[in-house]
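Taken together, the values in this text are just the output of simple stated rules run on the coordinates, not laboratory data. Computed from a predicted model, the values in this text were never measured in an experiment. Reconstructed Cβ throughout: ideal geometry from the backbone, glycine too, with neighbour counts over all protein chains shown.
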Amino acid sequence: MTLEAVSTKGQLATVTVAKDGRYTVTVDVPEVTPLALRPFDDRAWGTQAKGTLMGQAVARVSDKVRSITLDVQLRSVAMTARTIRVLTEKGNRPVAGVPVQCKVEILYPNSSEIPSQAAQWMAETADDGSFSVRVPERESGSFAFTLDAAGKGRDLARYLGRKEVSFEALRDAPALASWVVKRNALSMAIRFTWDENFSREAFRPDVGGAIFSHTVVVRGPVRKETVMNSEGVAQFYGLPPGEYAVELAEAGKVVYKVTKAPKAVTISPEGDPAAEVEISVVPVRTIALFGRVLDSSDGSPVSGAVVMAASSMVRTAKDGRFHLEGVRENSDLTIEHASYPLTHFKIAKAGDQGDIKITAFPSLSGIVLQGTNESGVPYAVLEFRRNNRLVKAVADEEGRYATNLPPGKYQLSIKQRYQPEKGKPIPAGAPKVSVYESVLDMPAEGLKRDFRVSGVGKLVIKLAAEGVGGNDGARSLIVCLLKLPDNKIAASCSVDAGKKEAILVAAEGRYQVLVAQNEQQGQLCGESVVAVGSVKEATISLGKWMPIQVTADGTVKVGKQ
């Protein structure tokens, strides 16, 4: 058998008793403390054992006494079986096949300084919801049972409960004691049926789409979706208690109209674990829509507009035409385009909607010029940002642009691609460089505005041979051009230490050169100029690495901040 050595701080050690009843145990104790030795056996309580050994010996020990002799007098204690049956709070139905955490606490007389003896084990309820424990005769103590587990198989519920009972109460109880626990819902089944005025036949989800293609969504404490099975049942699992709204859709298109359904489905903590709901539906009649979207000012077609009705969506073609299928009757038609306000109107009839005219936002147009040249920048990209809205306009080959914007202030950024040889086509994949940053105030009456931007050039930075090897074993270096005076990164490239050369493309201007190992270590290496129409070279030497910090907007701070 095994003994445990226990002090005021709990269990200190365990020791196996020899066949002759002798034992030796070594423990570390403070100056003076009570020490108890008692049997250590968790197995007797959850098994069919008819008896066990109980008792403990207590002595006061000190770190000044290296050894003591302590005899432990044990007595044989008979154990009586008691069966506890777990039942649901609602309906008194047995809770079968769920684990129960069991804990026993034994109280010994005249040992208030020593923690009570405890043991833990797991039991599992039988088909009738019962499990058994062994109760010692004449001893004092108590049991604590905790249940927090999900059912098995088709039992889609979580059971919650805790029960404490003394040895005396169980000894005096009948052979079968009851423990009532809560049963929380874990699932919801939604059954769809045909409206009785539409059909008396069994519902089959084959109207408006293929079987198994119908999605059912519940929204409440959580949002979940599932696919209706071939019998028209949507089964949800793991739903916490609360109120849920039910939505039915198939591949984004509504194909049924609900005629009878509860406003909300409630899963109650004290209710049945599997909530069941019935919803009556009829097929939804759908129509086709087609027409053309035109600009109200000149009647020109609006291409690329998004036309939506219910869950159907399509973009207008170059001639402004659109065609929508599977649209619910009485839906709203919505037209969306970056250059036009969002437009809504009620669908009055099926089929041809005719010409739909929409009015654009105020117009903005002009030309993007470079430096002192009067020729435009071909294919410059203008980006207008306001709050979370981004509108892009691309200039033509002569640098002319046109767009429409709602009135207000915008952050404007103009970018152009690097053109190695003027007059020749811009190569595919040429880097795109920001050449203009400003704020644009767009008036309600529209605006004509030309923008004069910087040119784009190339800079070759050569790393001096004596400095390249001093990057503390880094595989590559990062060479950056920092725009002055705010030190924002305008261009960067990664350079293998062995190559010693960085090629950067940036807008014309003066820059601070930064060489970095990573986002934490770098060094400033003087200023350099990017010129348009020529390739400028600069040779730099590396020195001492310093801490750097790169902020979210690309600003670089060097040195300890």
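In order along the stretch 82-90, the Karplus-derived 3J(HN,Hα) couplings, from 6.51 cos²θ - 1.76 cosθ + 1.60 at θ = phi - 60°, round to 9, 10, 10, 10, 8, 10, 6, 5, 9 Hz, and Gly and Pro are given as x.
Placing pseudo-labels 7 Å out from each Cα toward the beta carbon at Lys90 and Arg386 gives an inter-label distance of 5.5 nm. Here are some pairs, Lys409/Lys448; Lys260/Lys349; Lys392/Lys483; Lys90/Lys260; Lys409/Lys483; which of them have Cα atoms lying more than 22 Å apart in this structure? Check vs 22 Å cut-off fails for Lys260/Lys349; Lys392/Lys483; Lys90/Lys260; Lys409/Lys483.
Counting Lys and Arg as +1 and Asp and Glu as -1 over every other residue whose Cβ lies under 12 Å from the Cβ of Ala5, the net charge comes to 0.
Annotation: aspartates and glutamates with alpha-carbon distance below 12 angstrom to Lys458 (same-chain offsets under eight excluded): Glu421, Glu508, Glu537.
Mean residue ellipticity, 222 nm, helices only, the chain: the sum of -39500 (n - 2.57) across DSSP H runs of n ≥ 4, divided by residue count and rounded to 500, is -500 deg cm²/dmol. Averaged over residues, the count of other Cβ atoms within 10 Å places the peptides 544-553, 13-22, 301-310 in the sequence 301-310, 544-553, 13-22, highest first. Counting only residues 5 or more places away or on other chains, whose amide H sits under 5 Å from the amide H of Val435 once H atoms are built in the peptide plane? Hits under the 5 Å cutoff: Ile414, Lys415, Gln416. Summary value for the chain: 7 percent relative contact order, contacts being C-alpha pairs under 8 angstrom separated by 6+ residues. For Lys19, the aspartates and glutamates whose Cα falls under 20 Å of its own Cα, not counting residues fewer than eight places away in the same chain, are Glu4, Asp41, Asp71. Other residues with beta-carbon under 13 Å from the beta-carbon of Tyr410 carry, at +1 per Lys or Arg and -1 per Asp or Glu, a net charge of +3.
Mean separation of Cα pairs under 8 Å and 6 or more residues apart, divided by the residue count, gives the stretch 294-358 a relative contact order of 30 percent. Amide H contacts for Ala305 (H built 1.01 Å from N in the peptide plane; partners 5 or more residues away or on another chain; cut-off under 5 Å): Thr316.
Around the amide H of Ser178, modelled in the peptide plane, lie the amide H atoms of Arg85, all under 5 Å away and 5 or more residues distant in sequence or on another chain.
On full extension, the segment bounded by Asn330 and Val227 gains 34.4 nm, given 0.36 nm per residue less the C-alpha separation.
Neighbours of Val293, meaning other residues whose beta-carbon lies under 13 angstrom from its beta-carbon, give a summed charge of +1 when Lys and Arg score +1 and Asp and Glu score -1. Sequence-distant contacts, meaning Cα pairs under 8 Å at least 6 residues apart, place the relative contact order of the stretch 71-148 at 42 percent. Taking square-rooted eigenvalues a ≥ b ≥ c of the alpha carbon gyration tensor, is the chain rounded, prolate or oblate, where a/c under 1.5 means rounded and, failing that, a/b exceeding b/c means prolate? Judged from the Cα gyration tensor, the chain comes out oblate (a/c at least 1.5, b/c at or above a/b).
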